[in-house]
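Here's the structure, in structure tokens; my notes come after.
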Amino acid sequence: MRIVSLLQKERDDIECWMIGGAHSVDKQTFETEWKEKKLDPFIKWFPVVPYQQMPHIYARIRQSGGCLLATTKVESFGNTFIEAMACGVPVVAPRVSAMPEVIAHGKTGYLFREHHTRGAVRAIEAIIDDQERYEEMSEAGRARVLAQFTIERCAETYVDLLQHIVGEQT
């Protein structure tokens, strides 16, 4: 919410989409703060988006020149970020959990220091204000997903790991 509030104060050319949260324990807190800070015109909230519709959402973000902002504190793997990058959407996320394994800082998006609102805003602006950088990150994100995160590539990695473990035990 702090990131969006700062963006709203500095810019009038951005619309933020909040996707999900219908069943979050923080739903009421979000709704209250959203209304108190008068962010209704700036944040469009989609509490429930069926998984099958997400490629369409990513396509719209890509067409708009937007990016995916993650504010999660814990992420077990990062499928959302991989899906966004596969659709050519650069990602901005805190440098926590698995994010650095998925997002190549400066190449497929930006990682910011956790709780560093200004760093997140600068990263978003760096992406959306430079069309050439946007295109480079978009292509690099797709290439990274194809090289490292396809089902086939993940299966190969998993099989290699299992063979390594079994090999050590014999």
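Would you mind listing the strands (runs of 3 or more DSSP E) fully within segment 1-112 where at least 3 residues are in contact with a helix residue (DSSP H, G or I) (Cβ under 8 Å, 6 or more places away or on another chain), among the polar types (S, T, N, Q) and at pLDDT 90 or above? Explain how you work it out, then say what you get.
Working: elements: 16-19, 43-46, 91-94, 109-112.
Counting at least 3 such residues, we get no strands (runs of 3 or more DSSP E) at all.
Residue count for segment 88-108, restricted to those that are among the β-branched types (Val, Ile, Thr) and surrounded by fewer than 20 Cβ atoms within 10 Å (Cβ to Cβ): 1.
Rundown of residues vs (1) over 16 Å from the mean Cα position of the chain (by Cα); (2) not β-branched (Val, Ile, Thr), yes/no style:
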{"site": "Thr32", "(1), (2)": "yes, no"}
{"site": "Lys35", "(1), (2)": "yes, yes"}
{"site": "Asp40", "(1), (2)": "yes, yes"}
{"site": "Lys44", "(1), (2)": "yes, yes"}
{"site": "Pro47", "(1), (2)": "yes, yes"}
{"site": "Ile57", "(1), (2)": "no, no"}
{"site": "Arg60", "(1), (2)": "no, yes"}
{"site": "Ser64", "(1), (2)": "no, yes"}
{"site": "Cys67", "(1), (2)": "no, yes"}
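Selection of first residues in segment 45-74 that are under 18 Å from Ala120 (Cβ atoms) and of second residues that are not in a helix (DSSP H, G or I), restricted to Cβ pairs under 6 Å at least 6 apart or on distinct chains, gives the following pairs, ordered by first then second residue: Ile61/Val89; Cys67/Pro90; Cys67/Val92; Leu68/Val89; Leu68/Val91; Leu69/Val92; Ala70/Ala93; Val74/Ser97.
Would you confirm whether any residue within segment 109-126 is surrounded by 13 or more Cβ atoms within 10 Å (Cβ to Cβ), out of contact with any His (no Cβ under 6 Å at 6 or more places or on another chain) and farther than 24 Å from Asp13 by Cα?
First, pick out the residues of segment 109-126 that are surrounded by 13 or more Cβ atoms within 10 Å (Cβ to Cβ): 109-112, 114, 116-117, 119-126.
Subsequent filtering for residues that are out of contact with any His (no Cβ under 6 Å at 6 or more places or on another chain) retains 109-110, 112, 114, 116-117, 119-126.
After this cut, where a residue has to be farther than 24 Å from Asp13 by Cα as well, the list is 114.
Checking segment 109-126: at least one residue is surrounded by 13 or more Cβ atoms within 10 Å (Cβ to Cβ), out of contact with any His (no Cβ under 6 Å at 6 or more places or on another chain) and farther than 24 Å from Asp13 by Cα.
The values are calculated or read from the model by the stated rules, or taken from the named source; none is laboratory data. Bear in mind that the values here come from a model prediction, so they are computed numbers and not experimental data. All Cβ positions, glycine included, derive from the backbone under ideal geometry; neighbour counts span all protein chains shown.
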